[in-house]
1. Which residues, taken from the range 19-43, are touching a residue at least 24 places away in the same chain (Cβ under 8 Å) and either in contact with an Asp or Glu (Cβ under 8 Å, 6 or more places away or on another chain) or not acidic (D, E) (or both)?
2. Can you work out which of the residues in the range 30-66 that are part of a helix (DSSP H, G or I) and charged (D, E, K, R) is surrounded by the fewest Cβ atoms within 10 Å (Cβ to Cβ)?
3. Out of (1) assigned to a helix (DSSP H, G or I); (2) β-branched (V, I, T); (3) modelled with pLDDT under 95, the odd one out for I73 is which?
4. Is it true that D15 is open to solvent by 50 Å² or more (accessible area, probe 1.4 Å) and in contact with a Phe, Trp or Tyr (Cβ under 8 Å, 6 or more places away or on another chain)?
5. Can you list residue pairs whose Cβ atoms sit under 8 Å apart, with the first residue in the range 3-17 being farther than 13 Å from Y56 by Cβ and part of a helix (DSSP H, G or I) and the second being among the charged types (D, E, K, R) and modelled with pLDDT of 95 or more? Count only pairs 6 or more apart in sequence or on different chains.
Amino acid sequence: MGTSFDEILREFLTDNDMTQTKFAADIGVKQSQVSEWLSGKAKPGYDTLKRMALAYGVSADYFLGIDEDYPEIEK
């Protein structure tokens, strides 16, 4: 199988020097929801995944572990 969603999200946040709070605000969810994703207790739904992709100009395939590349985002 591939990389899990929590690992992908953790890497994305680390690579972009982004806090859970900033990420949550950018996609319109609570920080506690991001924490649940990072712990592997939950995963985002379709609408949230779509907002993640649109917020950062990243393919949803990246967050799904299908495509390993994403463009560098502006900070």
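1. I27, V34, W37, L38, S39, G40, K43
2. D47
3. Result: I73 passes all but (1).
4. Numbers: open to solvent by 50 Å² or more (accessible area, probe 1.4 Å): yes; in contact with a Phe, Trp or Tyr (Cβ under 8 Å, 6 or more places away or on another chain): no.
No.
5. F5/K43
The values are calculated or read from the model by the stated rules, or taken from the named source; none is laboratory data. Quick caveat, the model's predicted, so the values are computed rather than measured. Using ideal geometry, Cβ is built from the backbone for each residue, glycine included, and neighbour counts are taken over all protein chains shown. Heavy atoms of the whole protein, side chains included, go into the accessibility calculation; ligands, DNA and RNA do not. Shrake-Rupley method; radii C 1.70, N 1.55, O 1.52, S 1.80 Å.
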